Amino acid sequence: MTAKFATLRLLDHPLIRQKLYYLRDRATGSPKFRMLVNELAALMVYEATRDLPLEEHPVATPLEETTGHIMTRPVTLIPILRAGLGMCEGILNLIPRARVGHIGLYRDHETFQPVRYYQKFPADIADSEIFVIDPMLATGGSAAAAVDEVKRAGGESIRFICLVAAPEGVRRLSEAHPDIPIYAAALDRELDENAYILPGLGDAGDRIYGTQ
Ligand code: PRP
Ligand code: URA
């Protein structure tokens, strides 16, 4: 946790920091960018799942009976479209049984307010451990709106995972949802006049999908 923001958990493992270095590099093209986003998402979810509840269960090894541990509550990923989708595969490689709900939001270019265009969540979202994912937390409008919808659908145990956060976004999300831990690989300096994160990594969706 950082002293400035009570709900922010900065994940600064050397592998995360190095992959973020290459992600920021403007010379990194879409294929490598996509791969790095997925690798970073997996490394981050490894940390963000550290306190998920486990239950003891008996298991028979080839040699004898013993007990092991399994996660009892289902995991639901909620990527914020488009860019959040780019983080899903990396997380599903680690948690193949996770369900994936979707929320489509884009930022209006003039007002920077999120506009919702799609939503489909699992029916039993209330009973699952929920990870709302998006590479970028800029003004925080999209993340706060997504968490609003997840809560409206009954979600209770919610975490937000992003790669790069701006102070403005962390402030807005933590004020709107002080119960939600925010996991980020970096807390950057500020937003520019177009609400892009500085130094940031540019437009994550465009770089993932090659649409710039
Ligand atoms: C980007 C990003 C977040 C949002 C962050 O999406 O992936 O969803 O902006 O900005 P905010 O914190 O100010 O809301 P964008 O709106 O560009 O849509 P896209 O993923 O479809 O490219
Ligand atoms: N969305 C992005 O993709 N990048 C930013 O820096 C801000 C919002």
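The alpha-carbon of LYS4 sits under 15 angstrom from the alpha-carbons of these aspartates and glutamates, leaving out residues fewer than 8 places away in its chain: GLU168, GLU175, ASP188, GLU190.
Our note on the geometry: Cα centres of segment 161-212 and segment 14-93, 19 Å apart. Label-to-label distance for THR66 and ASP179 is 3.8 nm, based on points extended 7 Å past Cα in the beta-carbon direction. Gain on full extension, evaluated as 0.36 nm per residue between ASP108 and LYS32 minus their Cα-Cα distance, stands at 24.6 nm. Counting neighbouring beta carbons within 10 Å and listing from fewest to most, the residues ILE70, ILE78, ILE91 come out as ILE70, ILE91, ILE78. The long axis of helix 141-152 is offset from the longest Cα principal axis of the chain by roughly 40 degrees. Here the calculated FRET efficiency for ALA6 and ASP124, from their Cβ-Cβ distance with R0 = 22 Å, stands at 0.15, rounded to the nearest 0.05.
Run down the lysines and flag those whose C-alpha is under 29 Å from the C-alpha of LYS120, throwing out any fewer than 8 positions away in its chain. Once the sequence-local lysines are set aside, what remains near LYS120 is LYS151. The ranking of PHE33, PHE5, PHE160, PHE112 from fewest to most other beta carbons within 10 Å of each one's beta carbon is PHE112, PHE5, PHE33, PHE160. Across segment 169-176, coupling constants 3J(HN,Hα) worked out from phi with the 6.51/-1.76/1.60 Karplus curve, θ = phi - 60°, read x, 4, 4, 5, 5, 6, 6, 6 Hz, and Gly and Pro carry x. Identify all lysines with a Cα-Cα distance to LYS19 below 19 Å; exclude those on the same chain that are fewer than 8 residues away in sequence. Of all the lysines, those that pass the test against LYS19 - Cα under 19 Å, at least 8 places apart if same chain - are LYS32.
Where a number appears in this text, it was derived from the coordinates with a stated rule and is not lab data. Quick caveat: nothing in here was measured; it's all calculated off a predicted structure. Reconstructed Cβ throughout: ideal geometry from the backbone, glycine too, with neighbour counts over all protein chains shown.
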